[in-house]
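A short write-up of the structure that comes next.
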Amino acid sequence: MEAVVVDAGSKLLKAGIAAPDQSPPLVMPSKMKLEVEDQQLADGAVVEEVVQPVVRGFVKDWDAMEDLLNYVLYRNIGWEIGDEGQILFTEPLFTPKTLREQLVQLMFEKFNVSGFYASEQAVLSLYAVGRISGCTVDIGHGKIDIAPVCEGAVQHVASKRLEIGGVDLTNLFARELKKSNPSVNFDTSDVERLKEQYACCTEDQLAFEAIESSCQPERHTLPDGQVLKTDSKEKQIFLLQQFAHLLSSPQNTCPRT
């Protein structure tokens with residue numbers, strides 16, 4: 001059996017059998033719902049809690065991660081207990097050694113894999129386009145990794161990790177929308193949808209001013225019928241500019257190691 005490749009991110013988990021020129025067959029949210037029995041409620045009612053196994057690119061809840069991988073490998077990939085294969089994990093920049101050791105222990109002791117390998121995402125991104133050297137910029141849901149790679153080796157001394165990502169832009173967008181729509185109740189998924197549908201980035205200041213002058217107020221109907229108003233698309237563009245400003249702030253730059 002070919003090796004399985006797993007890329008577990010803060011928002012999405014991608015997995016599939018290693019094969020050239022093929023998109024991952026499984027792409028699913030990495031968050032899970034955990035059913036917990038609440039003793040304080042009548043008849044021992046079950047309460048659902050949202051669990052996020054991966055936060056800012058790193059595994060934070062190993063029990064949830066084990067359940068997630070069990071679902072992915074046995075129910076989707078097609079592994080059978082006692083006949084597990086080899087597995088390749090992608091890992092973000094500056095993954096702590098302790099987390100890597102925990103992942104290795106989990107895969108050998110719980111999943112009985114016949115082979116394990118972890119490779120940094122920057123290296124694999126270059127391999128995917130047929131290169132072994134280059135500079136990669138990985139902008140994710142919870143972090144940004146910037147890493148130069150020379151002949152298949154990440155140059156960590158010149159690499160940077162920023163603890164900011166798409167989720168921070170979503171939260172910033174949500175706060176701005178709440179200011180202009182104080183009576184409307186909306187959740188993160190609504191804001192994510194609006195952000196992905198309308199937010200954009202301009203190439204320069206002139207392009208920004210051109211879009212800013214042509215923007216018109218927008219009205220959006222949420223799934224529950226509530227109407228959400230945005231002053232104009234310039235708000236979304238402004239937020240992306242604020243996001244870029246946050247990235248350039250010195251306090252968001254990780255020290256070199």
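The values are calculated or read from the model by the stated rules, or taken from the named source; none is laboratory data. It should be emphasised that the depicted structure is a prediction, and the values quoted were computed from it without experimental measurement. All Cβ positions, even for glycine, are placed from backbone atoms using ideal geometry, and neighbour counts span all protein chains on display. With ligands, DNA and RNA removed, areas are computed over all heavy atoms of the protein, side chains included. Shrake-Rupley method; radii C 1.70, N 1.55, O 1.52, S 1.80 Å.
Points worth noting:
- ³J(HN,Hα), Karplus 6.51/-1.76/1.60, whole Hz, each residue of region 196-213, x for Gly, Pro: 5, 7, 10, 5, 8, 10, 9, 6, 7, 5, 5, 5, 4, 5, 5, 5, 4, 6
- Considering all different alpha carbon pairs of region 4-122, the Kirkwood hydrodynamic radius works out to 15.4 Å.
- Charge tally in the Cβ shell below 10 Å around residue 149, where Lys, Arg are +1 and Asp, Glu are -1, residue 149 excluded: -1
- In order through region 64-78: 3J(HN,Hα) via Karplus (6.51 cos²θ - 1.76 cosθ + 1.60), integer Hz, x for Gly, Pro: 5, 5, 5, 5, 5, 5, 4, 5, 5, 6, 8, 9, 10, 6, x
- A 1.4 Å probe run over region 85-160, with the rest of the protein chains in place, finds 53 Å² accessible per residue.
- Count Lys and Arg as plus one, Asp and Glu as minus one, and take only other residues whose Cβ is under 12 Å from that of residue 89; the net charge is then -1.
- Listed by chain and number, the aspartates and glutamates placed with their C-alpha closer than 20 angstrom to that of residue 178 are 168, 187, 190, 192, 196, 218, 224, 231, 234; residues fewer than eight positions away on the same chain are left out.
- Label positions at residue 86 and residue 2, each projected 7 Å from the Cα along the C-beta direction, are separated by 1.3 nm.
- Whole-Hz ³J(HN,Hα) from phi, Karplus 6.51 cos²θ - 1.76 cosθ + 1.60, for region 165-177, glycine and proline x: x, x, 5, 6, 5, 4, 5, 5, 4, 4, 5, 5, 5
- Antiparallel content of DSSP bridges confined to region 85-193, in %, to 5: 65 percent
- Nonlocal amide H pairs with residue 141, under 5 Å, H built at 1.01 Å: 10, 11, 166
- Across 14/179; 97/179; 97/195; 33/195; 110/195, pairs whose alpha-carbon gap is larger than 32 Å: 14/179; 97/179; 97/195; 110/195
- Rounded to the nearest 10 square angstrom, residue 176 shows an accessible area of 40 square angstrom against a 1.4 Å probe.
- Mean separation of Cα contacts under 8 Å (6+ apart) over length of region 80-181, as relative contact order %: 21 percent
- Built amide H within the under 5 Å cut-off of residue 85, gap 5+: 114
- For residue 55, distant residues with modelled amide H under 5 Å away: 60
- The modelled label-to-label distance for the pair residue 158/residue 110, using points 7 Å beyond Cα in the direction of Cβ, is 3.8 nm.
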